[in-house]
Amino acid sequence: MQIKTFHKALSEPVDAASLGFFRIAFGAILFIEVCRFFEKGWVKQYFITPQFFFSYPGLEWIRPWPGNGMYWHFAFMGVAALLLMLGIGSRIAAAALCLSFTYMFLIDRTHYLNHFYLICLLAFQFSVVDADRAFAILPQAGPRSCIPRWQLLWPQFQLAVVYFFGGLAKLSPDWLAGEPMRLWLSASALAPGWKTNWLAYTLSYGGLVLDLFAVPLLLWRRSRMPAAALLAGFHLFNAYFFRIGVFPWLML
């Protein structure tokens, strides 16, 4: 009986608007990221010029395409991201984006970034869920504007994991001692007068508390809006001062 109740709760129709908006934002962020790789010359710098790559064990067969193949690879990723954003063949576009991005991600482990791994996981999720039920140019057949609840809970759970384990990772001696925040501040755009120990400790412990308690604060209705505003400010601060790529925008 409990299993049936649980299944019924997961299958309950919910508004697809938030998932549709997330699809648009995710596709746009990935499209912009691909454009940045072209603009900054990273495709050539990371995948064409190097003669040696640090492959993952057992995945030595994953190599950059010969010649200008990696340019075509990134162009393919960009098209897939754009189609996903527009809601044109969303599942196929997401699957293509997942495969192509994951291939790029696995070429060299020295280029590992946590948010690139997150992108691989989210792209896979978009290849499964009905993210085109809202704000899509060519939606697939099915009830408009509604999705099963589990399709909304899945990406929410994935992002909750990011916050929670981000908090656990900060429970390290270095982080509790204000490092590497102190080092990051010394290289950031902050005014020299701000680069003090108290600021390093404030940001370190503030980030720790925010990551650990982000999920419960967002789940509690009374604290949801203040927590969302606080997290938005946190990610915008990181995006402006620390230049850590697409991660802050992805979490927004």
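Only the coordinates and a few stated rules stand behind these numbers; no lab work does. If you're wondering where the values come from, they're calculated on a predicted model, not measured in any experiment. Counting neighbours? That spans all protein chains shown, and the Cβs are built from the backbone with ideal geometry, glycine included.
A few comments on the model shown:
- Amide proton proximity set for residue 65, modelled H, under 5 Å, gap of 5+: 70
- MRE, 222 nm, helices only [DSSP H, n ≥ 4, -39500 (n - 2.57), over the chain, to nearest 500]: -20500 deg cm²/dmol
- Charging the Cβ of each Asp and Glu at -1 and of each Lys and Arg at +1, and nothing else, the dipole of the chain about its Cα centre rounds to 380 debye.
- Taking amide H as placed 1.01 Å from N in the peptide plane, residue 14 has its amide H under 5 Å from the amide H of 147, 149, each at least 5 places away in sequence or on another chain.
- Most tightly packed first, judged by the mean number of other beta-carbon atoms within 10 Å of their residues, the peptides 6-12, 130-136 read 130-136, 6-12.
- Point-to-point label distance, residue 114-residue 183, nm (Cα→Cβ direction, 7 Å offset): 1.5
- Each Cα pair of segment 149-252 feeds into the Kirkwood radius, which the Stokes-Einstein equation turns, at 10 °C and 1.306 mPa s, into a diffusion coefficient of 108 µm²/s.
- Span-like helix ranges in the chain, DSSP H, alpha carbon extent 20 angstrom or more, Kyte mean at least 0.5: 17-39, 69-86, 90-105, 149-169, 197-219
- Cβ-placed point charges (K, R +1; D, E -1), dipole of segment 16-147 about Cα centre in debye, nearest 20: 100
- Based on C-alpha pairs under 8 angstrom that are at least 6 apart in sequence, the chain has a relative contact order of 21 percent.
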